[in-house]
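The values are calculated or read from the model by the stated rules, or taken from the named source; none is laboratory data. Remember, predicted model here, so these are calculated numbers, not experimental data. Counting neighbours? That spans all protein chains shown, and the Cβs are built from the backbone with ideal geometry, glycine included. We work out accessible area using only protein heavy atoms, side chains counted, and drop any ligands, DNA or RNA first. Shrake-Rupley method; radii C 1.70, N 1.55, O 1.52, S 1.80 Å.
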Amino acid sequence: MIFNKNNNGAQELRDLTGNYYANNDFNKIKSDIKSASYYLTKVIGDDVYVRAIDAYQKNEESGTGEGQIADVPKFIELVQRPIAIMATLQMYRKNDVSHEDSGRKVVVTSDGTDKIPWEWQLDRDDAIHMEEYYQAVEQLIDYLNKTELKEWMESEQKKLADTLLIRSGREFDKYFPIQSSERMYLLMVGFIREVQMRYIRPAYGTEKWAELLADRSTPENEVRFAACKATALLSMSLALLRMPLQLIPGGVVRSYMSENGMRESLPASLDDVKRLASWLEQDAKDWIVQMKDLRDGNTGDISLLPENDRHNKFCLL
């Protein structure tokens with residue numbers, strides 16, 4: 001565990017979250033910390049997490065050499081923070097109702113000092129905590145990308161991303177807005193790979209696929225842009241239909257829908273999500289056609305008038 005090294009786990013949680021009481025019994029939140037740690041490793045990989053625990057236990061201050069981190073305490077804090085936010089949120093949810101031998105109960109006071117929040121207040125508080133959690137994960141991934149920690153660069157997630165047309169959240173954002181979210185991109189990696197295998201590579205041609213994949217030139221040529229555009233749109237279409245909507249950054253669906261005539265202030269309904277997924281799929285198909293035309297050197301320009309030659313014995317009408 002990456003907390004409570006000197007029996008001050010409650011204070012660590014207080015410093016990281018700002019709302020956890022430092023005098024709370026740390027033993028009551030241990031199981032929540034383990035659960036939150038498990039889910040974080042699904043994003044950053046086991047090796048990165050083990051590296052953080054090792055540095056935490058050894059009081060490391062700095063690392064040297066390739067793939068190491070100069071500011072180890074900052075690295076540890078960035079790993080701790082999303083775990084702390086998720087663990088405390090899980091504990092708060094469980095404590096909304098007390099669990100006793102005689103059943104589940106809610107304490108109601110009549111003196112006006114403490115009152116049970118309305119359901120909408122709890123939902124809003126949950127949403128705020130989840131947004132804070134996602135931002136913490138975002139900061140951690142961004143730090144790992146910048147420092148190029150060895151365990152991160154050799155992780156399964158990173159190696160898989162290096163085999164794709166689109167290799168980062170910042171790059172994905174050029175083709176479809178996801179707020180440059182690296183967390184969202186890592187969740188999308190499987191969909192991107194599926195789209196490449198099922199749609200983009202067969203349409204482009206397997207023989208020339210390696211050339212397109214290896215092309216990282218700047219500025220980006222039109223063929224690669226069309227291929228990446230189709231990949232991003234189709235990947236997002238699949239993600240909207242298959243992923244839990246709460247995992248997608250809140251502004252992604254609402255912003256896109258507002259640009260197409262919907263009110264941004266309204267939460268996206270299931271019908272809105274299905275409609276958006278259908279729009280993206282149709283748009284992606286158009287880009288696949290464009291990709292093939294550009295690959296073959298066809299600009300797509302259509303002559304409005306026939307090109308007649310007076311030396312020919314026939315003419316086009």
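General observations
- Within the stretch 291-306, tally of residues that are more than 28 Å from the chain's Cα centre (by Cα) and at pLDDT 85 or above: 5
- Filtered residues of the stretch 199-219 (kept if touching a helix residue (DSSP H, G or I) at 6+ places or on another chain (Cβ under 6 Å) and in a loop (DSSP other than H, G, I, E, B)): Asp215
- Scanning the stretch 206-222 for residues that are farther than 20 Å from Trp279 by Cβ, of a type in the set (Lys, Arg), modelled with pLDDT of 90 or more and open to solvent by 20 Å² or more (accessible area, probe 1.4 Å) turns up nothing.
- Checking each residue in the stretch 6-44 for being in contact with a Phe, Trp or Tyr (Cβ under 7 Å, 6 or more places away or on another chain), open to solvent by 20 Å² or more (accessible area, probe 1.4 Å) and farther than 17 Å from Leu78 by Cβ picks out only Arg14.
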